[in-house]
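Below: the structure, in structure tokens.
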Amino acid sequence: MIKIFLNYRTADERFGVTLLDHELSRTFGPETVFFASKSIELGADWEQSMFDAVAESEAVLVVMGRRWLGDVNEAGLRRIDDPRDFVRREILLAFELGKRVIPVRLDVPDRVRADELPEALRSLSELQDIAIGFRSAVPDIDRLAARLRELIPGLRAQPAPTSASAAKFTAHAHEGGVVSQYDQVTVHGDFHAGPRFG
């Protein structure tokens, strides 16, 4: 069922990638979006689970925030340059398997340049990307979802709810009576939606 794999760096824009997962899961269903912290079962081999998910996916979204490229390890070396880096390994596996790789810039104004990337990843700079802005995040993600629906066979939006959720509430009538625990109430005459004093 996995259609979309979220490739991201944990030290980079965690709230942004969480929002991306939330909105895409809401649109397409949670089982179609692989987000490691949500999707890997307790007790599972997390490394194998991630690489299996890349293999099962139709598209790999490479989520790039401001720290994606420059994040360093304990020795002060860029993680992206380390052949053991999981972000790098997931992207390379996606390329190897012929997956659709889509760079997603989280509030980053400029595309990553080829000379900023290790040689094995330089083709990332040539791929059409999409930007998610801080002040326009939800419409930008909606635009991304619409494009993914066009590009990925079998990807369908979840049906919208047919009616409002049946939340229960208590209403106090004008004459002091009480209408309690109703799903829907029809009001005739004057209606005041605030507290009553006196």
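The values are calculated or read from the model by the stated rules, or taken from the named source; none is laboratory data. What you see is a predicted model, and the numbers here were worked out from it, not measured in a lab. We place every Cβ from the backbone using ideal geometry, glycine too, and count neighbours over all the protein chains shown. Only protein heavy atoms, including side chains, enter the accessible area calculation; ligands, DNA and RNA are left aside. Shrake-Rupley method; radii C 1.70, N 1.55, O 1.52, S 1.80 Å.
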- [ ] State which residue pairs qualify: first residue within 7 Å of Val54 (Cβ to Cβ) and at pLDDT 95 or above and inside region 89-101, second residue open to solvent by less than 60 Å² (accessible area, probe 1.4 Å) and polar (S, T, N, Q) in any location, beta carbons under 6 Å apart, and separation of 6 or more residues or different chains.
- [x] Glu90/Asn7
- [ ] Could you grab me the full set of residues in region 107-124 that are farther than 19 Å from Asp12 by Cα and open to solvent by less than 70 Å² (accessible area, probe 1.4 Å)?
- [x] Ala114, Ala120, Ser123
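What residue, of Leu92, Leu69, Leu121, Leu97, is under 27 Å from Arg156 (Cα atoms) and not small (Gly, Ala, Ser)? So that I can check it myself, show each step before the final result.
On the way: Leu92 fails: under 27 Å from Arg156 (Cα atoms); Leu69 fails: under 27 Å from Arg156 (Cα atoms); Leu121 fails: under 27 Å from Arg156 (Cα atoms).
From the options Leu92, Leu69, Leu121, Leu97, the qualifying one is Leu97.
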Task: Filtered residues of region 89-106 (kept if touching a Leu at 6+ places or on another chain (Cβ under 8 Å), open to solvent by less than 30 Å² (accessible area, probe 1.4 Å) and part of a helix (DSSP H, G or I)) - done: Ile91
Open item on the list: List the helices (runs of 4 or more DSSP H) inside region 1-86, counting only whole elements, that have at least 3 residues being open to solvent by 10 Å² or more (accessible area, probe 1.4 Å) and among the small types (Gly, Ala, Ser).
Closed with: 36-39
- [ ] Go through region 1-16 residue by residue and tally those that are at pLDDT 90 or above and under 16 Å from Val54 (Cβ atoms).
- [x] 7
TODO: Quickly run through region 112-131 and pick out the residues that are assigned to a helix (DSSP H, G or I), closer than 15 Å to Leu61 by Cα and of a type in the set (A, V, I, L, M, F, W, C).
DONE: Leu121, Leu124
Task: Residue in region 132-142 that is surrounded by the fewest Cβ atoms within 10 Å (Cβ to Cβ), counting only those that are hydrophobic (A, V, I, L, M, F, W, C) and part of a helix (DSSP H, G or I) - done: Val138
